[in-house]
1. Which of the residues spanning segment 101-143 are surrounded by fewer than 14 Cβ atoms within 10 Å (Cβ to Cβ), closer than 19 Å to Asn47 by Cα and among the aliphatic types (A, V, I, L, M)?
2. Out of all the residues in segment 113-160, which are more than 17 Å from Ile27 (Cα to Cα), outside any loop (DSSP other than H, G, I, E, B) and without any contact (Cβ under 8 Å) to a residue 24 or more places away in the chain?
3. Would you check if Asp45 is under 19 Å from Asn157 (Cα atoms), part of a strand (DSSP E or B) and free of Cβ contacts under 8 Å to residues at least 12 places away in the same chain?
4. Do you know which residues across segment 39-76 are polar (S, T, N, Q) and at pLDDT below 95?
5. Scan segment 24-37 and tell me whether some residue there is assigned to a strand (DSSP E or B), over 22 Å from Glu147 (Cα atoms), touching an Asp or Glu at 6+ places or on another chain (Cβ under 6 Å) and at pLDDT 95 or above.
6. Checking Gly81 against (1) at pLDDT 95 or above; (2) farther than 16 Å from Tyr137 by Cβ, only one condition comes out false. Which one?
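The values are calculated or read from the model by the stated rules, or taken from the named source; none is laboratory data. What you see is a predicted model; the values in this text were computed from it and never measured. All Cβ positions, glycine included, derive from the backbone under ideal geometry; neighbour counts span all protein chains shown.
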Amino acid sequence: MIEKRQRKTVRLREYDYSQPGEYFVTICTKNHECMFGSIINGKMDLNERGRIIDGCWKGISEYFPYVGLDEYIIMPNHFHGIIIINEIDIHCCRGEVASPLRKPTLGNMTAYFKYQSTKLTNESQVTPGAKVWQRNYFDRIIRGEKELQNIRDYISNNVLAWAFETEHPENIPL
């Protein structure tokens, strides 16, 4: 008998990722390829793909109207952002009454972002079917105002930390 391998999950077991709260999300590009722009003079300079990623991130709150977006940064090979899931109004969702069984989760929101951004960047680059993101994403449930501020600081300083990334040959001092 062949055993079916179970995918490893980085999510907290038994946690309801559709409940109101603040969530820190990190998504890396496939093979950590730098594809969204460059760091120039301590600032992220988005290329066309990066600008598409920016628009897709902002589109999350249009598609999921009870979701707020906080601090975020698009880096050459990854993305950090804070998603805020607000209390859902049962009449908010395109005129339908929202069912507790159908409340979208953080995973649904992240999947929507990854799908839309992949589709649009592939259309703009004429690279049908090319992978943009790695298979999963990292998340952290934010538990308090101090932690929220620390994560905001981390995101806003991420460009400065890029200079110390030793996995990028251009950042290694000679």
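1. Val126, Ala130
2. Result: Asn122, Glu123, Glu145, Lys146, Glu147, Gln149, Asn150, Asp153.
3. Judged against the criteria, Asp45 is a match.
4. The answer is Asn41, Ser61.
5. Within segment 24-37, one or more residues are assigned to a strand (DSSP E or B), over 22 Å from Glu147 (Cα atoms), touching an Asp or Glu at 6+ places or on another chain (Cβ under 6 Å) and at pLDDT 95 or above.
6. Against the list (1) at pLDDT 95 or above; (2) farther than 16 Å from Tyr137 by Cβ, Gly81 comes up short only on (2).
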